[in-house]
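Student: Just passing along the structure, written as structure tokens.
Please treat every number below as a calculation from the coordinates, not as lab data. In this text the structure is predicted, and so the values were computed from the model without any measurement. Heads up, the Cβs are rebuilt from the backbone with ideal geometry, glycines too, and the neighbour counts pull from every protein chain shown.
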Amino acid sequence: MSISTPWLLYLADGPSYTQELQQATSQPLGLALQSISSSLLSFGLAFYMSWKLTLVMLAGLPLIIPILSFLSSRLQPNIAGQQVEMSKAAKHVSNALTSIETVKCFGGQNIEFERYVAALRRATAFYYHQVFWFAAQVGVTRMATMGMYVQAFWFGGALLNKGEITAENIFIAFLGTTMAVGAFMQVMPQLLILEKGKAAGQKLRAVMVQNSKERHHTTGERAVFDTCIGDIEFREVRSQSYIFLELCSQL
């Protein structure tokens, strides 16, 4: 069985995707923009007071940024996988409750329960992977911050002994750099929510693009599509309602 409108598969998941996108574009996005702005201003102040000390403190960033990018790329597939499995679990519950009488008549309680639990276990595995990669991101950021402290005290003392900078400028440059890194670290707790919102936005955009490509018009209460690819074939149908329940569960 082939379906030419894959956006129908996401129709039941639209409310959850919309909620995650709305949550990501509200307070977390605002806090992320505020932190990035504060970080840029603090970096500008640090460079103005002592560009040498600031560059030495930031010497580890070329190594840290690729690591953070790699960890972020590993986080996104697990978020998408969890959303898919949670949607499957919700579909199993919805289908079972909608046809509860049919499920009880055919003794399908255990089957539906096993499907629901299996989907939850797969979603849990994806969530464990999310926590691992997110914790790795936070750990790498903390390690980079501690390295900046060591570099600042070492190189700042060397510049002070040479007479190239005053203690006041060292303090201001050090404070500006640490404030910039601290503002950047405030983005990390919001990163998981923003990644989930990004995945939800991609799903919703795919639905909108696919829906706009398939032009159709309605006649009365029926929807008439320009093209319909595929066919539906039923064989050895014993119970119509239960067959439809099985088909809905597997879509």
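Student: Please list, in order along segment 77-93, the HN-Hα scalar couplings obtained from phi with the Karplus expression 6.51 cos²θ - 1.76 cosθ + 1.60 (θ = phi - 60°), rounded to whole Hz, x for Gly and Pro.
Tutor: These are the phi-based 3J(HN,Hα) values: x, 5, 5, 4, x, 5, 4, 5, 5, 5, 5, 4, 4, 5, 5, 4, 5 Hz.
Student: Something else now. Sorted by average packing, counted as other Cβ atoms within 10 angstrom per residue and highest first, what order do 97-108, 131-142, 166-177 take?
Tutor: On the way: 97-108: 13.6, 131-142: 15.4, 166-177: 17.4.
In decreasing order of mean packing, 97-108, 131-142, 166-177 become 166-177, 131-142, 97-108.
Student: Which semi-axis lengths, in whole Å and largest first, follow from the square roots of five times the eigenvalues of the Cα gyration tensor of segment 98-139? Could you put the intermediate results ahead of the total?
Tutor: Numbers: eigenvalues 276, 12, 3 Å².
They are 37, 8, 4 Å, listed largest first.
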